[in-house]
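The values are calculated or read from the model by the stated rules, or taken from the named source; none is laboratory data. Since this is a predicted model, take the numbers as computed values, not measurements. Methodologically, a virtual Cβ is constructed for each residue, glycine included, from the backbone with ideal geometry; neighbour enumeration extends over all protein chains shown. Heavy atoms of the whole protein, side chains included, go into the accessibility calculation; ligands, DNA and RNA do not. Shrake-Rupley method; radii C 1.70, N 1.55, O 1.52, S 1.80 Å.
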Amino acid sequence: MIFFWAETPDGWGIPGIHGPLAEDELDGYVQSGVYLIRGKGENLLVDSGNWTVPEHNNGMGEFLVDLLDKEKNALKYIFITHFHYDHVGNAAMLKKRYGAQVVCHPLDRPIIEDPMIVTRRENITRLGTTPEALLEDFNLKPGESFGLSDPDIVRKYWNFPVEVDRAVEDGDILDIGGLKLEVVHLPGHCPGHIGLWNPNTRTLYPGDLMHYPTPLGPFPIGNAKDHSHSIQRCIDYAPELLLEGHGLSAYSKDSSFRRMKHMQMQQRDTQNRVLFVLRREKRPVTIPELLPEIMPVKTDLNYTVSTGIGERHCYAEACIQTHLLWLIEQGKAERIREDGKIKFVAKP
């Protein structure tokens, strides 16, 4: 795979691609954006990209090393926006090579240090629920899943643990050679999702917050309400540059604003479509029944797995579920059990 980089006011960046096909999720084709921020004598790296596995020569590890070896400054921090494998894959290798400290949010720390935790109950119970309760809205049986917690898949594509040196919260300041960078907690995509704000250049690094459809994980891993609030927080910063985890980002105040407002409108439109279909149906419906009309076109992230009850589109269904739960919180929808299945209906 060919990578390219570009200078930024803070240092440089490598845009992150997201595979156009569903199977790309499991062959390591997905890459996060990676960004370098230079201070006086010290650097910080935002995320670390994906790795290379023997059958898919698509990791950016060697490309990153070539760039970082040319830097005069020491690499002080590797700032991990969240636990997803395309953001963490090279962290252990880079930490060992450059002696950098790995930084993340405490809610994502357990998975970053032990990726196999996603195959165990404790990864869900630590968030205040159970695997059975998480599966119930999707009418999946105990032991079934959407596939991304399969031990063989996680061991092959996710299991690159790295020891975290510092856990940071919203508002914490990272000093990079006199440069004061603010940690911004931006939950929604996942609980421990964080971004970074450089007030000197008015550059915001929002990680995967602007990635659609999102949330990609079922509640409480994904949270539509938190995601909406996090988008507004980004808008409130009024960044001059928006350097994202995926895509080509935005490079002016106006384009950054348009990009964030577009994501905000997509988020609102998704919820409005869910509510519209519920009201039109006037009957309880399951999440798979809602899917064709809520996301009729968005197929590239409708990652499909086979379960005991047929093929399921896990990302899209999770996105819908998080919006349904937010509608229930707002008193606009209701969750019921009918004919042995969990269904959703609009409230009068």
Tell me which helices (runs of 4 or more DSSP H) are completely within the stretch 103-213 and hold 2 or more residues being surrounded by fewer than 21 Cβ atoms within 10 Å (Cβ to Cβ) and among the charged types (D, E, K, R), or say none if there are none. 109-113, 131-136, 151-157
For the stretch 325-348, enumerate the residues that are in a strand (DSSP E or B), farther than 12 Å from Q271 by Cα and small (G, A, S). A346
Condition met for L64 (out of contact with any Phe, Trp or Tyr (no Cβ under 6 Å at 6 or more places or on another chain), open to solvent by less than 30 Å² (accessible area, probe 1.4 Å), at pLDDT below 95 and aliphatic (A, V, I, L, M)): yes
Considering the stretch 339-348 alone, what residues qualify as being over 12 Å from D137 (Cα atoms), of a type outside the set (K, R) and either in contact with a Pro (Cβ under 7 Å, 6 or more places away or on another chain) or surrounded by 10 or more Cβ atoms within 10 Å (Cβ to Cβ) (or both)? V345, A346
Residues (over 29 Å from T201 (Cα atoms), outside any loop (DSSP other than H, G, I, E, B) and open to solvent by 20 Å² or more (accessible area, probe 1.4 Å)) located in the stretch 219-270: K225, R268, D269
Scope the stretch 64-89; condition under 23 Å from V184 (Cα atoms) and assigned to a loop (DSSP other than H, G, I, E, B); matching residues: I80, T81, H82, F83, H84, G89
Can you go through K76, K96 and tell me which one is on the phi < 0 side of the Ramachandran plot, open to solvent by 20 Å² or more (accessible area, probe 1.4 Å) and in contact with a strand residue (DSSP E or B) (Cβ under 8 Å, 6 or more places away or on another chain)? K76
Find all pairs meeting these conditions: Cβ atoms under 6 angstrom apart; at least six residues apart or on different chains; first residue within the stretch 156-173 and in contact (Cβ under 8 Å) with a residue 12 or more places away in the chain; second residue of a type in the set (G, A, S) and part of a loop (DSSP other than H, G, I, E, B). Y157/G28; F160/G89
When the stretch 24-49 is checked residue by residue, the ones that are modelled with pLDDT of 95 or more and not in a loop (DSSP other than H, G, I, E, B) are V34, Y35, L36, I37, R38, E42, N43, L44, L45, V46
Mind listing just one residue for me: the one in the stretch 50-61 that is touching a Gly at 6+ places or on another chain (Cβ under 6 Å) and either at pLDDT 90 or above or outside any loop (DSSP other than H, G, I, E, B) (or both) and, of those, nearest to F4 (Cα to Cα)? H56
